[in-house]
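Below: the structure, in structure tokens.
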Amino acid sequence: MAKDNMSFLVCCANGAGSSLMMKMTMEKVLKKLNLKPAKIHHCALSEGKSAAVQFDVVFCAQNFVNMFKDAEKKGTIVIGLRNIMSMQEMEDKMKEHGII
């Protein structure tokens, strides 16, 4: 999978606070790794569930991963996080899934 120009979606329950903080954490991780994403979008789960197939990778809280089974079947990588603010966990999960 291409390291640069990937599109990322980050979702939280309401699409306001948590997903915005997760997006900022993702931006820090990608900058640290010197990767340039095509797009990073944050939104509520309701929007994310239908939009997920348009992205290469979806990040959400671990308890929401099962909401993205359809996107996974179509090739989207879905990653659940225990601590959505952890740069280290995000980086580790990206390595586990072969993104970096």
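The values are calculated or read from the model by the stated rules, or taken from the named source; none is laboratory data. These numbers were taken from a predicted model, which means no experiment stands behind them. With ideal geometry, Cβ positions are generated from the backbone for all residues, glycine too; neighbour counts draw on all protein chains shown. These accessible areas exclude ligands, DNA and RNA; they are computed on the full protein's heavy atoms, side chains included. Shrake-Rupley method; radii C 1.70, N 1.55, O 1.52, S 1.80 Å.
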Value of relative contact order over the chain, rounded to a whole percent, pairs C-alpha under 8 Å and six or more apart: 32
Residue-normalised accessible area of the chain, expressed per residue, 1.4 Å probe, Å²: 54
Long-range HN-HN contacts of L9 with modeled amide H, under 5 Å: H41, V57, V58, F59
Unit charges on C-beta of K, R, D, E only; dipole of the chain, Debye: 120
Solvent-accessible area, 1.4 Å probe, carbon plus sulfur percent, for the chain: 50
Difference of contour (0.36 nm per residue) and Cα-Cα distance, K74 to E47: 8.0 nm
Label-point gap, in nm, between K95 and N63 - each point 7 angstrom along Cα→Cβ: 2.8
